[in-house]
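Chemist: Take a look at the following structure, please.
The values are calculated or read from the model by the stated rules, or taken from the named source; none is laboratory data. Just so we're clear, the structure is a prediction, and the values are computed from it rather than from any experiment. Here the Cβ is made from the backbone with ideal geometry for all residues, glycine too, and neighbour counts use every protein chain on show.
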Amino acid sequence: MAFDFEESAIRLYERHGMKPVRWHDELLRDLNDLTELVIPPGVDNFPWDPDRSEEARIAQNAAFATIGVAPQRSRILASPACVAAVISRR
């Protein structure tokens with residue numbers, strides 16, 4: 001995997017015959033100038049609950065059905081170190 005700005009990695013992969021097969025959004029943000037968080041009505045912001053890891057893995061597998069996510073990897077992706085908060089709509 002390489003971000004679109006990692007030109008040397010892209011050239012390396014292309015040199016070995018690799019081609020992009022899927023793209024993801026790169027959600028990068030400068031953390032030095034944060035504006036105040038405004039949570040709109042009807043949206044709750046709450047800490048991650050590890051008991052929801054399996055539910056999150058199943059939802060991610062449904063969204064990315066061509067690749068899936070193994071249960072072991074979902075525990076890493078859904079750990080408090082990787083997920084600061086879950087936002088849900090009511």
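Chemist: May I ask you to list the residues in segment 35-64 that are touching a Ser or Thr at 6+ places or on another chain (Cβ under 8 Å) and in a helix (DSSP H, G or I)?
Modeler: Residues satisfying the conditions are 50, 53, 54, 56, 57, 60.
Chemist: List the residue pairs whose Cβ atoms are under 8 Å apart, where the first residue sits in segment 1-30 and is modelled with pLDDT of 80 or more, the second is of a type in the set (Ser, Thr, Tyr) and not in a loop (DSSP other than H, G, I, E, B), and the two are 6 or more positions apart or on different chains.
Modeler: Pairs that qualify, where the first residue is modelled with pLDDT of 80 or more and the partner is of a type in the set (Ser, Thr, Tyr) and not in a loop (DSSP other than H, G, I, E, B), are 2/13.
Chemist: Please find, among 67, 39, the residue that is at pLDDT 85 or above and of a type in the set (A, V, I, L, M).
Modeler: 39
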